[in-house]
Amino acid sequence: MTHKSPTMNHHKFDLDFLSKEDKPAMPLKKTYKIIIADDDEDVHVLTELLLKDFVFEGEGLIFIHTYSAVDTIRCIDRNPDAAVILLDVVMEEMNSGLKVVDYIRKVQKNRLVRIVLRTGQPGYAPEENLIRDYDINDYKLKTELTKQKMYTTLYACLRSYRDLIHIERNKSSLEELVKISGDLFKKSSLFDFLESIFMQISIFQKYSHHLPLSSKVEKNGLIFKADGIILVGMGKYKIYEDHKIDEIKHLIGLEDLLTTLPETDENIIYLKQGLLFYNKGLSALRDYVYIELNKDLYDKALIELLINNYALALENYQLNELLIKSHEDVIFTLTETIERHSNETSNHVKRVSMFMKLLAEHYDTPESEWDLLRISSVLHDIGKIGIPDSILKKPGRLTFEEFEIIKTHTEIGYRILGTNNHPIFEKAADIAYYHHEKFDGTGYPLGLSGTDIPLYARMMAIIDVFDALVSKRCYKEAIPIDEVFKIMASESGKHFDPILLELFLNDRAAIEKVLTTYND
């Protein structure tokens, strides 16, 4: 295996990680579909004989034979990718061919196929009238069935067909690019980001008349950090997540190369089996995206336009993740401080956040909500900051008056959080205000019942009580988990939403893992 170093002053880096080997000559591909529509068998035989050695841009012809207008229309429906139709005017009826032309252009709306009208009765179907009145591309007399004239006709038709397909592909590609540009910045995970690339990249395939305008692309790709650790893999690279990039044989040496890249505006590296790109912003936030594809099938300019959009979106995603992480760090530090002040441990906050995410997953809430709920849930008791220490830290039972003061922590929390319209704080405000409501309507502060209580507050009611029961507090000892499960189950439909409670208690293994990981 040989490695080629990049030429540093080149416009792009073109790297070949695989040795080149001589390949045997490939047999001629026959991919251009030619429909011969004529009721005379001799015309079919002669046409195919004249064109049997015809080659256009390295590709041959596939002949399809029909003998009537009805057969031809059926054939067109089955072969919308036909390139040329050599169409007789008179078959079962005097105007059979003209009916076929109208069907193709007006009913099927096929503007791509080239139609060559042929006739043995020029007096019945004058050339001037047909060219003017019908959307055809050429008109030939059957007396012109010579090899030279057939070749000239086919070259002209196939060049036109090729160019129309190319225009149609570019039009579709640019339309799709406009559509997807606005969605690039809404990806909620690196996996979504990577999958989005493969969902869109097929529309940028180069013209190839025998490929559909949106053919399937194999989803093989990965995203890795500057230190070579793979963050997410797709397709055959899925098994390499959390591994090093140099564990993939044909990408050995890539990590070393990235450390020697010159300062340049370019951010695309072409490899033997695909391409790699990265965001051009802060190098400290730089991730690298490798996608496997056959470069020869793609329009380079359009691919680079797409990739540059994704590079910008990747940087936006990373900055957003950094912002969320900063929010998370501040929120956890604040809530852990509050919990310690009220004689709770910081692990209470961590357990609550993990339980909330666990229940959100089981309830089939959108994945985009999971981390928002995990973070916002830890603020559920932020209102305790407004409760006097004499009550908050009292080791014995509270008096009625003291309990009434304690209950105000829900309203205090709501006032603190409710002025911020960030999604984290919006959810946190509802959780803080309603998480002491009970399903049967006997809770506080508003005495709501059933599904009138916001979903996330109903979830928190389960989690908060569960963690309080299994944990040691200043006024009680920890209760064994088996007994806690029985207590919780006995409150189904009373304190707790029965559906949510069942989902939570049914995953005891996950619950115990959280308790073990974040044990006081």
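Assorted remarks:
- For residue 140, residues with placed amide H under 5 Å, excluding near neighbours: 117, 118, 119
- Calculated from backbone phi, Karplus (6.51, -1.76, 1.60) coupling profile of the range 271-276 in Hz, x at Gly/Pro: 10, 4, 10, x, 8, 10
- Gain on full extension, evaluated as 0.36 nm per residue between residue 440 and residue 472 minus their Cα-Cα distance, stands at 8.8 nm.
- Remark on residue 398: its backbone amide H falls under 5 Å from none of the residues 5 or more positions apart or on other chains, H modelled at 1.01 Å from N.
- Charge tally for residue 292 (other residues, Cβ to Cβ under 12 Å; Lys, Arg +1; Asp, Glu -1): +3.
- Amide H within-cut-off set for residue 62, under 5 Å, with H built and near neighbours excluded: 31, 32, 33, 34
- Rg/Rh for the range 393-502 (Cα atoms only, Rh after Kirkwood) is 0.98.
- Each label was represented as a point 7 Å from its Cα along the Cα-to-Cβ direction; for residue 239 and residue 78 these points are 4.2 nm apart.
- Compared with the alpha-carbon gap, the fully stretched path from residue 135 to residue 109 is longer by 8.2 nm at 0.36 nm per residue.
- Set 236/357; 171/249; 384/513; 384/438; 407/427 screened for pairs whose C-alpha atoms are more than 31 Å apart: 171/249
- Diffusion constant of the range 29-166 at 10 °C, which comes from Stokes-Einstein with the Kirkwood Cα-pair radius and 1.306 mPa s, µm²/s: 107 µm²/s
- Non-local Lys pairs in the range 29-166, i.e. 8 or more apart or on different chains, that have alpha carbons under 22 Å apart: 21
- Coupling constants for the range 422-431 follow from the phi torsions by the Karplus curve (6.51 cos²θ - 1.76 cosθ + 1.60, θ = phi - 60°), and in residue order they are 5, x, 4, 6, 4, 5, 4, 5, 5, 4 Hz; glycine and proline get x.
- Model label zone, residue 519; criterion: amide N under 16 Å from point 7 Å along Cα-to-beta-carbon; scope the range 449-491: 470-472, 478-482
- Length gained on full extension, residue 121 to residue 272: 48.6 nm, using 0.36 nm per residue less the C-alpha separation.
- Residues residue 70 and residue 422, FRET efficiency given R0 of 51 Å [Cβ-Cβ distance, rounded to 0.05]: 0.20
No value in this document is a laboratory result; all are computed from the given coordinates. This is a predicted model, so every value here is computed, not measured. Ideal geometry is used to build each Cβ from the backbone, glycine not excepted, and the neighbour counts take in all protein chains shown.
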